[in-house]
Amino acid sequence: MTLPQRVSELESRLAEIEGKHSAPVRRSNYNCDSCFAPMNIVGEEKLDRMDVLGQVVHKLQCVECGRVTRKIFTPDDDYI
Ligand SMILES: [Zn+2]
């Protein structure tokens, strides 16, 4: 196999891998504190607390200004 062939094969394989890793964007129901645009959930951290079941910290990013914030999310009360 020649080098250009090898490179294009690697490129197509890389595109395939990147496609698989682009997880669907999750939209939160929290709006940005500065521009009030919707925010996407870009990360999630479990809280090690037994008193509030299912409570997690969502890392949110604004779709407009890119501002990143962390909010505690509870299944019952939404963002607190
Ligand atoms: Zn914003």
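Within segment 24-35, which residues are more than 14 Å from the ligand (Cβ to nearest atom) and in a loop (DSSP other than H, G, I, E, B)? Answer for segment 24-35, where residues must be more than 14 Å from the ligand (Cβ to nearest atom) and in a loop (DSSP other than H, G, I, E, B): Pro24, Val25.
Where strands (runs of 3 or more DSSP E) sit wholly within segment 36-75, those with at least 3 residues that are within 16 Å of the ligand (Cβ to nearest atom) and either within 19 Å of Pro24 (Cβ to Cβ) or without any contact (Cβ under 8 Å) to a residue 24 or more places away in the chain (or both) occupy 38-46, 56-62.
Bear in mind that the values in this text are calculations on the coordinates, not laboratory data. These numbers come from a predicted model, not from an experiment. With ideal geometry, Cβ positions are generated from the backbone for all residues, glycine too; neighbour counts draw on all protein chains shown.
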